[in-house]
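Notes follow once the structure below has been shown.
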Amino acid sequence: MSQENVEIVRNAVAALDRGDIDAILRLCDDDILITQPPQLPGISSQQHGHRGVLEAFAIWPEQWDDYRVEVLRIRAAPANKVIAITRTRGRGRQSGIEVDMEFSFVFHHSRREDQRVAPVRTRRRDRRSRRA
């Protein structure tokens with residue numbers, strides 16, 4: 001089952017790269033739960049269902065100027081989890097701080113009807129933007 005879960009996450013990432021939101025939603029259960037890190041100001045800590053997936057996709061880019069994500073690796077983890085390790089780069093829209101950090105997403109698949117996604121910051125390097 002763990003390799004099957006890895007393939008689901010890989011397919012979702014590929015769909016995201018193509019901009020195919022419908023394909024991503026087809027891979028997500030109607031009751032999917034997404035948990036956001038507590039560091040995001042003014043953001044609900046959880047999003048539910050397909051509507052929540054769309055909300056979650058909107059949250060991250062809204063926080064940044066020049067936002068980019070590169071998937072470094074995707075691997076199976078114990079207890080039917082999949083970890084996607086990414087590199088996130090951007091400049092904070094409000095702070096102007098440039099960020100280049102590794103960020104991991106943990107996907108939990110206990111049953112088709114119980115999917116959860118939780119982003120986890122793993123490493124971070126902040127650089128103040130240079131202003132003229």
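Ordering H48, H109 by the number of other Cβ atoms within 10 Å of each residue's own Cβ, fewest first, gives H48, H109.
Between D100 and R87, the simple label model (points 7 Å from Cα in the Cβ direction) yields a spacing of 0.8 nm.
3J(HN,Hα) along the stretch 62-67: 5, 7, 10, 9, 6, 8 Hz, from the Karplus curve 6.51 cos²θ - 1.76 cosθ + 1.60 with θ = phi - 60°, whole Hz, x for Gly and Pro. With neighbours defined as other Cβ atoms within 10 Å of a residue's Cβ, the residues I83, I97, I32 order from fewest to most as I97, I83, I32. The distance between label points at A79 and E62 comes to 3.0 nm (points 7 Å beyond Cα on the Cα→Cβ vector). Excluding I43 itself, calculate the net charge of residues whose Cβ lies under 11 Å from the Cβ of I43, where each Lys or Arg counts +1 and each Asp or Glu counts -1. Neighbourhood net charge equals -2.
Values quoted throughout were computed directly from the atomic coordinates according to the rules given, and no laboratory measurement underlies them. These numbers were taken from a predicted model, which means no experiment stands behind them. Every residue, glycine among them, receives a Cβ derived from its backbone with ideal geometry; neighbour counts consider all protein chains shown.
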